[in-house]
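Worksheet: one structure, shown below.
Quick note: the coordinates plus some simple rules give every number you see, no bench work behind them. Bear in mind the structure is a predicted one, so any value in this text is a computation, not a measurement. Note that we place each Cβ from the backbone using ideal geometry, even for glycine, and neighbour counts take in every protein chain shown.
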Amino acid sequence: MNKLLQLLVLPLVLLLVLSACGNSSHKEASDKKADTTTIKHAMGTTEIKGEPKRVVTLYQGATDVAVSLGVKPVGAVESWTQAPQFEYLRGDLKDTKNVGQEPAPNLEEISKLKPDLIVASKVRNEKVYDQLSKIAPTITTDTVYKFKDTTEMMGKALGKEKEAQSLLQKYDDKVKAFQKDAKAKYGDAWPISASVVNFRADQTRIYAGGYAGDILQDLGFKRPEGQQKEVDKGKDIIQLTSKESIPLMDADQIFIFKSDPKAADADLVQKTEQEWTSSTEWKNLDAVKKGHVVDGVDEITWNLAGGYQSSLKLIDDLYEKLDIKKQ
């Protein structure tokens, strides 16, 4: 009788043990899966384990967004001006190591920092992406100025999706408030068209799209028809080859930014501006005739920073430059 009982009980015990082992393995697999975040990005798909703590940012907008999310990068590329980092971010980047220039990051220095996440861009880092990926999981955006894409991607990668959504909601709220306030100022004339012009040492450009152009569109400004046609062709930046192209600049409001007045080529930039703005074509622009030209908006805020914090600064700048009252 005892032998028969043993024969009946033994299979049941083995079944319970196997079941427990199976459940344990399943739980471990589930825990492992839950601890891994998969990011689809411009250069492919990357798996990130846990929440990254040692982050390296390889373009200005990513550095801005990291700080906005409460993360201080262990390494970041040097800023275009005000090196090593833009003044508005410098207080949060005191311990951040310089890892080279945005177009050519220093891979050796990045490796020394032992990062657990690298944030790069396809437009700047496509050729070294494989090398970066061998150092640490690397995620990329297509370009460097789509700050909303950067915020969403980094929020997910850093385990800070709620914080990222909160930032973007704050931006949307500020946009809606601006639209209301602009409507109060301009009345039936709103929305007005806007043009962003850049005088350089060797050329003149219109930023029809890009960072400032996208934000102006969000805010409700219209893009001049001729510029919109260029954007539809994929040209965010329009390089003007002669003064005969100046009519393409015209809009209800023109904003001009130039390089740092302390830069080595500042005199050449000033010369370019003087030559172009003294021309008949410039003087015949409607915006010029009406005095609707804002000369000298901040180059960092309007172009170089490309981040979340700078987007809010740009909107504040518009309130001031256009004398729009907050309701």
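The table that follows gives values for the structure above.
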item: Charge dipole (region 47-90, unit charges on Cβ, about Cα centre) - positive-most of 52, 75, 62; result: 52
item: Mean Cβ neighbour count within 10 Å, used as a protection proxy, ranking 45-57, 79-91 highest first; result: 45-57, 79-91
item: Measure of compaction for region 169-321 (Cα Rg per 2.2 N^0.38 Å); result: 1.02
item: Ranked list, fewest to most other Cβ atoms within 10 Å of each Cβ, for 223, 205; result: 205, 223
item: Cα-Cα separations in region 38-165 greater than 23 Å, expressed as whole percent; result: 19
item: Cα lying deepest toward the dipole's positive end in region 214-318, options 314, 224, 284, charges on Cβ; result: 284
item: 0 to 90° range, to nearest 10: angle between helix 308-321 axis and the chain longest Cα axis; result: 20
item: Ordering of 294-300, 228-234 by packing [mean C-beta count within 10 Å, highest first]; result: 294-300, 228-234
item: Unit charges on C-beta of K, R, D, E only; dipole of the chain, Debye; result: 1100
item: Kirkwood hydrodynamic radius of the chain, Cα pairs, Å; result: 22.5
item: Sequence-distant aspartates and glutamates (8 or more away, or on other chains) whose Cα lies within less than 17 Å of residue 229; result: 214, 250
item: Burial ranking of peptide ranges 69-76, 109-116 (average Cβ count within 10 Å, highest at the top); result: 69-76, 109-116
